[in-house]
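Right, one structure below, let's go through it.
Coordinate-derived values only; no laboratory data. Not measured: the values here are computed from a predicted model. Ideal geometry is used to build each Cβ from the backbone, glycine not excepted, and the neighbour counts take in all protein chains shown.
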Amino acid sequence: MIRVILGGQFRGSQNNWKTIKNLIRNDFFMYVASNDPESWKPYPFHFQICKTVELQDTIFHRNFPHMDAHKYLMQWSSIVTCFNTFKDTFNEDDVIIKLRNDVFIENDCNLDLKTLRNDAIYVPSVEFHNCGIPFDRVNVCNDQIVLGKLEVMKKYFDLPYNYKILEKQVEFNKYGIEGALRDHIRYNNLELETFNLTYHRA
């Protein structure tokens with residue numbers, strides 16, 4: 001089964017929400033965490049929702065060297081709350097997709113979700129703000145759409161508590177959360193796989 005994790009502020013419209021099916025051609029379950037669960041009522045898919053709980057004692061509390069540290073804390077509080085609230089209902093072979101709710105997916109995904117490796121994180125090769133240029137796989141990782149098998153995604157959602165990645169302060173000041181995620185993937189001995197997907201911010 002495919003499980004979609006959403007979080008944060010309610011954004012988007014009917015026009016972009018229906019394009020999620022370009023990424024996920026099979027049936028899926030959707031899960032949301034929000035500070036304002038009532039605001040999600042217009043969402044056109046069936047979903048389960050919980051209230052966001054702000055994370056404590058994370059890397060973002062420990063002088064995370066980036067001006068957006070508090071914004072990152074709010075973002076990760078939502079998606080980690082969502083994942084942790086519902087993960088015990090997931091199955092070992094499930095595919096977990098962390099997705100922004102404001103993306104417009106323009107083409108069908110070329111990735112077969114039934115063939116994902118048990119040791120890899122999968123992300124689109126191009127972020128929507130990079131004008132078609134693939135991201136720098138050595139220093140950063142796309143964090144707009146992230147997917148993997150359940151055990152892999154448990155490691156992904158543990159990023160806020162990986163204090164080891166704070167050792168590379170210069171790089172994080174330059175690369176932000178994308179750099180933190182890239183190092184987090186390395187520390188967990190996961191492979192980074194990319195796939196082609198054209199999308200933009202709605």
Exercise. What order do you get for HIS184, HIS61 when you list them from fewest to most C-beta neighbours inside 10 Å?
Worked result: HIS61, HIS184
For this session: Please work out the FRET efficiency for the pair GLN56 and LYS168, using the Cβ-Cβ distance as r and a Förster radius of 22 Å; give the result to the nearest 0.05.
Result: 0.45
Seminar exercise, completed: If PHE47, PHE28, PHE60 are placed from fewest to most neighbouring beta carbons inside 10 Å, the sequence is PHE47, PHE28, PHE60
Exercise. Based on the Cα gyration tensor of segment 2-201, what are the three equivalent ellipsoid semi-axes, each the root of five times an eigenvalue, rounded to whole Å and given largest first?
Worked result: 24, 20, 17
Exercise. Considering only DSSP states other than H, G, I, E and B, which GluC sites (Glu not before Pro) in segment 95-202 qualify as loop sites with at most 16 other Cβ atoms within 10 Å?
Worked result: GLU106
Exercise. What is the calculated FRET efficiency for LYS154 to ILE133, with r their C-beta to C-beta distance and R₀ = 30 Å, to the nearest 0.05?
Worked result: 0.45
Exercise. For LYS149, LYS71, LYS87, what ranking results if the residue with the fewest other Cβ atoms within 10 Å of its Cβ goes first?
Worked result: LYS71, LYS87, LYS149
Problem set entry | Ratio Rg/Rh, restricted to segment 140-202 and using Cα atoms, in which Rh is the Kirkwood radius | 0.98
